[in-house]
Amino acid sequence: MKIAVVGKGGSGKTTISGVLARTLGRSGHEVIALDCDTNPNLGLSLGVGDTETEHLLTLRDMVDEGTADHAESWDEILDSYGADGPDGVRLTVINRIENPEPG
Ligand SMILES: Nc1ncnc2c1ncn2[C@@H]1O[C@H](COP(=O)(O)OP(=O)(O)OP(=O)(O)O)[C@@H](O)[C@H]1O
Ligand SMILES: [Mg+2]
């Protein structure tokens with residue numbers, strides 16, 4: 001299942017996303033959260049913490065600037081550019097996925 005949360009600025013996207021992801025994670029589902037916001041702070045809602053949330057943004061900026069390599073696969077994105085929250089949600093902060101694999 002894939003859920004996308006979009007809407008106007010300040011309408012509650014990050015709050016809703018965090019609650020959904022954490023609730024599903026606590027229920028035993030494997031949850032991957034993608035923060036594609038220009039000002040990403042989903043990590044705070046997920047309980048990943050300030051430092052790790054900032055680190056993931058720095059990594060995304062480095063990939064965009066060309067000072068870090070694009071991941072070659074979805075697994076590598078999650079391994080190299082992801083962090084775990086306390087409810088079993090794996091977060092990554094990305095702008096886009098180029099040439100996504102089917103599914
Ligand atoms: N269901 C709700 N009821 C009341 N307040 C809420 C609700 N959801 C979010 N808020 C509050 O509204 C504010 C904006 O929420 P949030 O940051 O989740 O929105 P956003 O759409 O992600 O914003 P942005 O566009 O800046 O990223 C926050 O102060 C949050 O606590
Ligand atoms: Mg937000």
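The values are calculated or read from the model by the stated rules, or taken from the named source; none is laboratory data. Computed from a predicted model, the values in this text were never measured in an experiment. Counting neighbours? That spans all protein chains shown, and the Cβs are built from the backbone with ideal geometry, glycine included. Surface accessibility is based on the protein's heavy atoms, side chains included, excluding ligands, DNA and RNA. Shrake-Rupley method; radii C 1.70, N 1.55, O 1.52, S 1.80 Å.
Using the 2.2 N^0.38 Å rule of thumb for compact globular proteins, work out how the range 18-64 stacks up: its C-alpha Rg over that value, please.
For the range 18-64, the normalised Cα radius of gyration is 1.21.
Give me the 1.4 Å probe accessible area per residue for the chain, excluding ligands and nucleic acids, in Å².
For the chain, the per-residue accessible area is 66 Å².
Give me a comma-separated list of calculated 3J(HN,Hα) values for the range 81-87, in order, Karplus coefficients 6.51, -1.76, 1.60 applied at θ = phi - 60°, integers in Hz, x for any Gly or Pro.
Values, residue by residue: 10, x, 8, 9, x, x, 9 Hz.
State the Kirkwood hydrodynamic radius of the chain in Å, one decimal place, computed from all pairs of distinct Cα atoms.
14.0 Å
In whole percent, what relative contact order does the range 13-93 give with Cα contacts below 8 Å and a gap of six or more residues?
Over the range 13-93, the number comes to 39 percent.
May I ask which residue of Thr53, Ser80, Leu20 lies farthest towards the positive end of the charge dipole of the chain, with charges of +1 (Lys, Arg) and -1 (Asp, Glu) on Cβ and the Cα centre as origin?
Leu20
Okay, helix-only estimate at 222 nm for the chain: each DSSP H run of n ≥ 4 adds -39500 (n - 2.57), divide by all residues, round to 500 deg cm²/dmol; what do you get?
-12000 deg cm²/dmol
How many nm is it between the label spots at Asn99 and Val6, if each spot is 7 Å from the Cα in line with the beta carbon?
2.6 nm
At 1.4 Å probe size, with no ligands or nucleic acids counted, give the accessible surface of Glu101 in Å², nearest ten.
Solvent-accessible area, nearest 10 Å²: 120 Å².
Given a 1.4 angstrom probe, I'd like the percentage of the accessible area of the chain that is carbon and sulfur, rounded to a whole number.
Details: 3390 of 6810 Å².
Roughly 50 percent of what the probe reaches on the chain is carbon or sulfur.
Go ahead and run the numbers for FRET between Ile16 and Thr38, Cβ-Cβ distance against an R0 of 22 Å, rounding to 0.05.
Working: r = 18 Å, r/R0 = 0.82.
That pair, Ile16 with Thr38, gives E of 0.75.
Could you compute the longest span of the chain free of trypsin sites (Lys or Arg not before Pro) located in DSSP loops and having at most 16 other Cβ atoms within 10 Å, not counting the site residues? Don't skip to the end; give the middle numbers.
Values: sites that count: Lys2, Lys8, Arg96.
With trypsin sites (Lys or Arg not before Pro) excluded where exposed in loops, the chain gives 9-95 as its longest stretch.
Which whole-Hz ³J(HN,Hα) couplings does the range 17-26 yield from phi under the Karplus relation 6.51 cos²θ - 1.76 cosθ + 1.60, θ = phi - 60°, glycine and proline marked x?
4, x, 5, 4, 5, 5, 5, 5, x, 5
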